[in-house]
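Please read the structure below before turning to the comments.
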Amino acid sequence: MHVAAAESVPGGASLSMQGARFLRECTRGLAEPGQFGSLAQSAERSSKQNRQIIASIPYFQSWREQAHQIKRYALANLDKLLAEFERNITARGATVLYAQNAQEANEHLLRIVRQHGVRTVVKAKSMVSEEMEMNHVLEAVGVRAIETDLGEFLVQLAGQRPIHVVTPALHLSATDVGRLFQEKLGEPFTQEHATLTQIARKHLRRQFLQADLGISGVNFAIADTGTICLVENEGNQGLSTCCPKVHVALMGVEKVIPSIRHLPVFLNLLGRSGTGQKLTTYTHLIHGSTPGQKLYVIILDNGRTEVLRDPKAWSALFCIRCGACLNACPVYRRVGGWAYGWVYPGPIGAILTPHLVGLEQAGKLPFASSLCGACGEVCPVKIDIPHQLVHLRHRAVQEPSPVRCWLERLVWRMWAWAMCHPWMYRVSMRLARLGARLARFLPWHPGPLGAWTRGRELPEPPPGPDFHTWWKKHAHELKTFPADLPPESPSS
């Protein structure tokens, strides 16, 4: 098990229940088609913008291929590059700590907290910290952690998890935010975006100045210079990493890239794919500790090296967390981010989470896809997400997982047998047509079928005979061909 025992999902469900939770949330979405309407609209808007940007840049595909090859090289030489990165950044006063899992990472963090007498923490956006359940761990020892990314700040106030890897509060409207600030911060209600931003700034600014420790993620760790790169649009990462006297950077092992020369291609791709910008507003390059401030870098595995053991799946670690695949995914738009049960939602979550927490707990996620291929088309580092989903589906039915049960295996064995016997296939198709007609008149339908039909009607089977019956009747007509074909016309 690679995750902390205290992992939880919104609503109090434990991580071990995430397979059942996914089905429950997905089923609820089927019965209530309008549940995530605002999220779907926002995702479609972002996806459309992404497509327009890609179409306007003739060399965008070249960037994608470059980034893909750089990531492939980096993961193939991960041990050497991590050692090089550690050597170069520690030479400038930083301390590098390795953690096999979330529990070890939290232990490193708590030692730093005790060593420096930390009571308050300002935290920039970090998906690794979500894996660690870091806020809960700090709260348990009396340390207050404040999210400073605006979207993260909103979901923290609301007591929720992020719903998106780039825009955590994508599901909240201006009205929702106004009511949240009124309830939690005692501010007058407003729906004006500029006023809401000013309210958040007012409450967060004093936190930056008073905090004992700042925590950030790492977008890229550059081996040859020993540099961590942070990208953002709000300025909160700069304040979180510069104002406190102690800075802790959290990074997954896959974040390392070989050289500073490789950074521009990733910056070009991340801004355009994530937010539709040519470049994010702020790009911070941190080379080590500075006078008056101590830098710690916690490098977390948490199951990532297990991904490398699967040659068909390791490109899932190429991900640069742009969120483009989420915006393009029709399933994510329908069920939202929480239904995926853990930190990473959408297509990238469906292929990454089963590796990080195990198929036993997340084996259903690869089935949360229509395999339309949109995610693979927009991925800026060319992760072949659709084929990885199929690969994980195969593993999920071969290895212990929530989808491997005797009843399902029996049903598929019966189906395979029917497909091998034409007479049984014809009987099955006739029974299926009859069952579909009878089901339209039943007042109740079991399981997922019942969830679907609560909001929709079953389609009417088409009238007339099935194809086999039609072929038997008309085959002789199609086998009549003219004895002589007309001569070919002479070539010019």
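The values are calculated or read from the model by the stated rules, or taken from the named source; none is laboratory data. It should be emphasised that the depicted structure is a prediction, and the values quoted were computed from it without experimental measurement. FYI the Cβ positions are ideal-geometry reconstructions off the backbone, even for glycines, and counts take in every protein chain you see. Remember, those area values only see protein heavy atoms, side chains included, never the ligands or the DNA or RNA. Shrake-Rupley method; radii C 1.70, N 1.55, O 1.52, S 1.80 Å.
When G455, G435, G464 are checked against the criterion of being on the phi > 0 side of the Ramachandran plot and either among the small types (G, A, S) or modelled with pLDDT of 70 or more (or both), G464 stands alone in meeting it. When we screen L263, L317, L267, L300 for residues that are modelled with pLDDT of 95 or more and closer than 24 Å to V122 by Cβ, the only hit is L300. Here L269 fulfils each of the conditions (1) over 28 Å from F60 (Cα atoms); (2) touching a Cys at 6+ places or on another chain (Cβ under 8 Å); (3) buried (at least 19 other Cβ atoms within 10 Å of the Cβ) apart from (1). Put simply, of A174, A140 the only residue that is hydrophobic (A, V, I, L, M, F, W, C), under 25 Å from V297 (Cβ atoms), out of contact with any Lys or Arg (no Cβ under 8 Å at 6 or more places or on another chain) and free of Cβ contacts under 8 Å to residues at least 40 places away in the same chain is A140. Among the residues of the range 315-373, those that are closer than 20 Å to H391 by Cβ and of a type in the set (S, T, N, Q) comprise S315, T353, Q361, S369, S370.
Consider A439 carefully, then state whether it is farther than 27 Å from L269 by Cα, open to solvent by less than 30 Å² (accessible area, probe 1.4 Å) and either out of contact with any Leu (no Cβ under 8 Å at 6 or more places or on another chain) or among the charged types (D, E, K, R) (or both). Answer is no for this residue. Of P244, P258, P291, P188, all but one fail to be more than 28 Å from C379 (Cα to Cα) and either outside the structural domain of F153 (by TED's automatic domain parsing) or surrounded by 17 or more Cβ atoms within 10 Å (Cβ to Cβ) (or both); the exception is P244. Considering only the range 39-74, state which residues are hydroxyl-bearing (S, T, Y) and without any contact (Cβ under 8 Å) to a residue 24 or more places away in the chain. Across the range 39-74, the qualifying residues are S56, Y59, S62. Checking the stated criteria, E183 turns out not to satisfy the condition of being more than 23 Å from L213 (Cα to Cα) and either not in a helix (DSSP H, G or I) or not assigned by TED's automatic domain parsing to the domain that holds S42 (or both). Selection over the range 275-302 of residues that are within 19 Å of A249 (Cα to Cα) and under 19 Å from the mean Cα position of the chain (by Cα) gives a count of 3. Within the range 196-232, if we keep just the residues that are polar (S, T, N, Q), at pLDDT 95 or above and open to solvent by 30 Å² or more (accessible area, probe 1.4 Å), the residue that is nearest to D176 (Cα to Cα) turns out to be N219. Of the helices (runs of 4 or more DSSP H) entirely within the range 344-387, those holding at least 1 residues that are under 12 Å from the mean Cα position of the chain (by Cα) and either crowded, with 24+ Cβ neighbours inside 10 Å or not assigned by TED's automatic domain parsing to the domain that holds I54 (or both) occupy 346-357, 374-378.
The C-beta contact set for the range 341-354 (first residue within 14 Å of R304 (Cβ to Cβ), second residue assigned to a helix (DSSP H, G or I) and small (G, A, S), distance under 6 angstrom, 6+ apart or interchain) comprises I351/A316; L352/A316; T353/A362; P354/A362.
If the condition is being over 23 Å from G276 (Cα atoms), assigned to a loop (DSSP other than H, G, I, E, B) and open to solvent by less than 10 Å² (accessible area, probe 1.4 Å), then the range 302-341 contributes N302, G303, A313, G341.
When the range 46-78 is limited to residues that are open to solvent by less than 70 Å² (accessible area, probe 1.4 Å) and not in a helix (DSSP H, G or I), the one that is nearest to G323 (Cα to Cα) turns out to be I57. Only one entry of I299, I286 meets the criterion of being in the same structural domain as I163 (by TED's automatic domain parsing) and either among the basic types (K, R) or in contact with an Asp or Glu (Cβ under 9 Å, 6 or more places away or on another chain) (or both), and that entry is I299.
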